[in-house]
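The values are calculated or read from the model by the stated rules, or taken from the named source; none is laboratory data. Since this is a predicted model, take the numbers as computed values, not measurements. Ideal geometry is used to build each Cβ from the backbone, glycine not excepted, and the neighbour counts take in all protein chains shown. For accessibility, only protein heavy atoms count, side chains too; no ligands or nucleic acids. Shrake-Rupley method; radii C 1.70, N 1.55, O 1.52, S 1.80 Å.
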Amino acid sequence: AERDFQEQLDALPVDAPERQELQEGLQRLSSFRALATGDSRVIARAEVPSEPSNLGLGQVLALSGILGLALGLVGALVVESLDKRVVDVASFEREYRLRALAVVPQRSFRRSPLRAGSADLEPFRILRTAVDFARVTRPVRAVMVTSAVRGEGATSVSIGLAQAIALSGRPVILVELNLRYPTLARTFRLPDQGGVTSALLGSDPNELLQRPLNELPNLEVLAAGVLPPNPAELLEAPALDVMLRNLLED
């Protein structure tokens, strides 16, 4: 039969449509011959199964839930290991190996003076007490409040700490050394003239002090003043040390 098919194929032209059918028949004959000469044997007859061989809906859902939970846990662990942010006081003290003086909640971060009886002022009273404890071992007359970038709350902490010190009856001077983005003049509604830049240029800083709050006569403010074109160089000048010493000696 194979020879007969082959002879018919050889007799047909290359582009004859019957060649496809003859080639398929030749392949089936080759398969039959291999099956007849092999040592295969029937083990069991195929029967119609009584239940599906694949997983049921409940099993698929359970397996999906387990896989989803595992992937979620792995993703959370990866994100946690890559996150280097400081999220609480304990991680801050562990990373920087320093003791935190106080914790100021987000609701107390306002660029405006707080009322004397406001609960938002309480964290700054705690911070003032922590600074007072530091004075037991060394004199603390000047405190600098700074931040890495804008918007971290340095202005709010400065104003709140100055208010808390003034409420204790001690005189306090709030000096603004942020000569790039000053905010004290706008916060306390003070004139933009004068201020730190005028003091650095030779004016007496004690004559430039202003009392913005009538209820806090012990609080005096020296705002930034007119913005200079070179704030970094101006703050590195020896005149800044002279200005601060004059304020401390008053």
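Values computed for the structure shown
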quantity: Contour excess over end-to-end distance, with Cα ends at ALA1 and GLN23 and 0.36 nm allotted per residue; calculated: 6.7 nm
quantity: Accessible surface of ILE165 - all protein chains present, 1.4 Å probe, nearest 10 Å²; calculated: 40
quantity: Neighbour cut-off at most 12 other Cβ (10 Å), DSSP loop, trypsin sites (Lys or Arg not before Pro), the range 177-250; calculated: ARG180, ARG189
quantity: Within the chain: Cβ-based charge dipole about Cα centre, in debye rounded to nearest 20 (Lys, Arg +1; Asp, Glu -1); calculated: 1720
quantity: Prolate/oblate/rounded label for the range 129-250 (Cα gyration tensor, a/c 1.5); calculated: rounded
quantity: Cα gyration tensor category, rounded, prolate or oblate, for the range 184-250 with a/c compared to 1.5; calculated: oblate
quantity: Residue-level accessible surface for GLU95, protein heavy atoms, 1.4 Å, Å²; calculated: 120
quantity: Part-to-part distance (alpha-carbon centres) for the range 86-134 and the range 4-29, which is given in Å; calculated: 93
quantity: Positive-end residue, the range 19-70 charge dipole about Cα centroid, Cβ charges, pick of SER31, ALA70, VAL60; calculated: SER31
quantity: Cα-based shape type of the range 1-52, given that a ≥ b ≥ c are square roots of the gyration tensor eigenvalues and the cut on a/c is 1.5; calculated: oblate
quantity: 3J(HN,Hα) from dihedral phi, the range 231-248, Karplus parametrisation 6.51/-1.76/1.60, rounded to Hz, x for glycine, proline; calculated: x, 5, 5, 5, 6, 8, 6, x, 5, 5, 5, 5, 4, 5, 5, 5, 5, 6
quantity: In the range 175-250, the GluC sites (Glu not before Pro) that fall in loop regions by DSSP, at most 15 other Cβ within 10 Å; calculated: GLU215, GLU236
quantity: Residue-span extension gain [ASP10 to ASP120] - 0.36 nm each, minus C-alpha spacing; calculated: 29.5 nm
quantity: Computed helical MRE - 222 nm, the chain, DSSP H runs ≥ 4 contributing -39500 (n - 2.57), nearest 500; calculated: -14500 deg cm²/dmol
quantity: DSSP-loop trypsin sites (Lys or Arg not before Pro) across the range 77-143, with at most 13 other Cβ within 10 angstrom; calculated: LYS84, ARG85, ARG97, ARG99, ARG111, ARG115, ARG135, ARG141
quantity: Amide hydrogen neighbours beyond the local backbone of VAL175, cut-off 5 Å, H modeled; calculated: LEU222
quantity: Given [x] 15.2; [y] 12.6; [z] 35.3, the label whose value is mean projected area of the Cα convex hull in nm² derived from this model; calculated: [z]
quantity: Cα centre as origin, Lys/Arg/Asp/Glu Cβ charges: the range 67-204 dipole, Debye; calculated: 300
